[in-house]
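Engineer: Handing you a structure now.
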Amino acid sequence: MKAVCNICPHKCKLSEGQYGFCNGRIGSEGKVISDNYGKITAIALDPIEKKPLYHFYPGSRILSVGSYGCNLRCPFCQNCDISMVKGTEIDYADITIEELVKKALELRSRGNIGIAYTYNEPLIGYEFVKDCSTLAKENGLKNVAVTNGYICEDPLRELLPTIDAFNIDLKSFTKEFYTKIKGNLDTVKNTIIIAAEHCHVEVTTLIIPGENDSEEEMEALSDWLGSISPDIPLHISRFFPRWKVTDKEATPVRTVYRQAEVARRKLKYVYEGNC
């Protein structure tokens, strides 16, 4: 008997011991559970601006944690070492939510404001993020999710009461691009709309030469984002060759600056990253 995962639109139907598309969820005893629950591959006390969040407690730091797996397949993935593997293919450390929250509290003296779920796609580890963010909030800590936004509406809404800020990747503004990376644009747009109604949201778009770098696309993207709120910050980032896309040059700096000029016609806060 197969169980259906309801976290993201892939809706994987999994047999006992079978991994989902994301490599972070697995069929177990007639249910789909988080295989990466409490399994940490990366942890660091980062500047909040590194998430990137420029309008959420600027100048502070946040304890950032990541696991493994992702529910998209971006061939240019900048964190492929942890996002494109199973737990059997990578080293990790086990940590309880109590241990993580305690560590975050201990780091307050170094400017820490809370916990950021980041590095890989955190929301495929939905149960861990929900449990940990609930406990963190009870202890006066802030919670941040850095996500691709590819999540179903019901689990997103269940998570919103404990998440204080999102940085959401809007990887392109065409359905064709999202089809290539095994996702869909409408889901991510819906995530941005809903999240922006409940908490602080900033958006990141990675500009890839020949893929999503037309001024027309940026005009459409920024026009839509501005229709939600012109105050939503947009981070326009530079692509660097990585994983399966090593045949392209890094995005020219002038392209990033030009895209930012286009976006500023509709948005108040636009930032050029990695330039």
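Engineer: So who's got an amide H within less than 5 Å of the one on Asp169, skipping anything under 5 residues away but keeping other chains? H placed 1.01 Å off N, in plane.
Structural biologist: HN-HN under 5 Å from Asp169: Thr147, Asn148, Gly149, Thr204.
Engineer: Using the Cα centre of the stretch 27-152 as the reference point, and only Cβ charges (+1 on K/R, -1 on D/E), how large is the resulting charge dipole? Debye, rounded to the nearest 20.
Structural biologist: Around 460 debye, computed over the stretch 27-152.
Engineer: A further question on this structure: Residues of the chain: accessible area per residue at 1.4 Å, in Å²?
Structural biologist: Numbers: 12110 Å² over 275 residues.
Per residue, the chain has an accessible area of 44 Å².
Engineer: In debye, nearest 20, what is the charge dipole magnitude of the chain about its Cα centre with +1 on Lys and Arg Cβ and -1 on Asp and Glu Cβ, if you could check?
Structural biologist: That gives a dipole near 140 debye.
Engineer: Can you find, among Ser34, Asn71, Asn143, the residue farthest towards the positive end of the dipole of the stretch 22-145? Put +1 on the C-beta of Lys and Arg, -1 on that of Asp and Glu.
Structural biologist: The Cα lying farthest towards the positive end belongs to Asn143.
Engineer: Measure off, as a whole percent, the carbon and sulfur share of the 1.4 Å-probe accessible area of the chain, all protein chains present. Kindly include the intermediate steps, with their values, before the conclusion.
Structural biologist: Numbers: 5780 of 12110 Å².
Heavy-atom surface of the chain belonging to carbon and sulfur, 1.4 Å probe: 48 percent.
Engineer: Compactness ratio of the chain: Cα Rg over 2.2 N^0.38 Å, N = residue count?
Structural biologist: Cα Rg divided by the expected 2.2 N^0.38 Å: 0.97.
Engineer: Also, quick follow-up: Over all directions, average the projected area of the Cα convex hull of the stretch 147-275 and note it in nm².
Structural biologist: Working: hull surface 30.6 nm².
With the hull built on Cα positions only, its mean projection is 7.7 nm².
Engineer: Which peptide among 14-24, 113-123 comes first, and what is the full order, when sorted by highest mean count of other Cβ atoms within 10 Å? Numbers along the way, then the final one.
Structural biologist: Working: 14-24: 18.7, 113-123: 25.5.
For the peptides 14-24, 113-123, the packing ranking is 113-123, 14-24.
Engineer: If ligands, DNA and RNA are left out, what is the accessible area of Lys2 with a 1.4 Å probe, given in Å² to the nearest 10?
Structural biologist: Counting only protein heavy atoms, the figure is 120 Å².
The values are calculated or read from the model by the stated rules, or taken from the named source; none is laboratory data. Model, not experiment: these values are computed from the prediction. Cβ coordinates were reconstructed from backbone atoms using ideal geometry, including for glycine residues, and neighbour counts include every protein chain displayed. Surface areas here come from the heavy atoms of the whole protein model, side chains and all, with no ligands, DNA or RNA. Shrake-Rupley method; radii C 1.70, N 1.55, O 1.52, S 1.80 Å.
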